[in-house]
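For reference, the structure discussed in these notes is given below.
The values are calculated or read from the model by the stated rules, or taken from the named source; none is laboratory data. These numbers come from a predicted model, not from an experiment. Counting neighbours? That spans all protein chains shown, and the Cβs are built from the backbone with ideal geometry, glycine included. Please note that ligands, DNA and RNA were not included when accessible areas were found on the heavy atoms of the full protein model with its side chains. Shrake-Rupley method; radii C 1.70, N 1.55, O 1.52, S 1.80 Å.
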Amino acid sequence: ILEFIDRNGSVNVNKIYSNLKIEQSVTSQHLSILRLTGVITTEKVGKFVFCNINYPCLERVEIAVNRFLGKA
């Protein structure tokens, strides 16, 4: 999901599950976790919800993982 959003920029939720061939409910669950952890942000435009990657958050995650693995 993150790779798809990264490649396509601001992406409508419907486009995510239809292109990745993931059930809508499963996609919503994953997006909810990503949103709650701050990895993605969402913006509602009319009846559509668009997802964007929060790159500063991902950078912090990368630093934490590297530190955990002893690579920092």
Any hit, segment 54-69, residues being open to solvent by less than 50 Å² (accessible area, probe 1.4 Å), part of a loop (DSSP other than H, G, I, E, B), in contact with a strand residue (DSSP E or B) (Cβ under 6 Å, 6 or more places away or on another chain) and of a type outside the set (A, V, I, L, M): yes
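Every residue in segment 1-32 that is of a type in the set (Val, Ile, Thr) and under 9 Å from the mean Cα position of the chain (by Cα), please.
Looking only at segment 1-32, we keep the residues that are of a type in the set (Val, Ile, Thr), and these are 1, 5, 11, 13, 16, 22, 26-27.
ILE1, ILE5 - these are the residues of segment 1-32 that are of a type in the set (Val, Ile, Thr) and under 9 Å from the mean Cα position of the chain (by Cα).
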Cβ pairs under 7 Å, 6+ apart, first in segment 43-72 and closer than 18 Å to PHE4 by Cα, second open to solvent by 80 Å² or more (accessible area, probe 1.4 Å) and among the acidic types (Asp, Glu): PHE50/GLU43; ILE53/ASP6
Matching residues, segment 36-53, being among the hydroxyl-bearing types (Ser, Thr, Tyr) and open to solvent by less than 70 Å² (accessible area, probe 1.4 Å): THR41, THR42
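Has segment 15-32 got at least one residue that is in contact with a strand residue (DSSP E or B) (Cβ under 8 Å, 6 or more places away or on another chain) and surrounded by 15 or more Cβ atoms within 10 Å (Cβ to Cβ)? I'd like the intermediate steps shown before the answer.
Just the residues of segment 15-32 that are in contact with a strand residue (DSSP E or B) (Cβ under 8 Å, 6 or more places away or on another chain), to begin with: 16, 31.
From what is left, the residues that are surrounded by 15 or more Cβ atoms within 10 Å (Cβ to Cβ) are 16, 31.
For segment 15-32, residues in contact with a strand residue (DSSP E or B) (Cβ under 8 Å, 6 or more places away or on another chain) and surrounded by 15 or more Cβ atoms within 10 Å (Cβ to Cβ): present.
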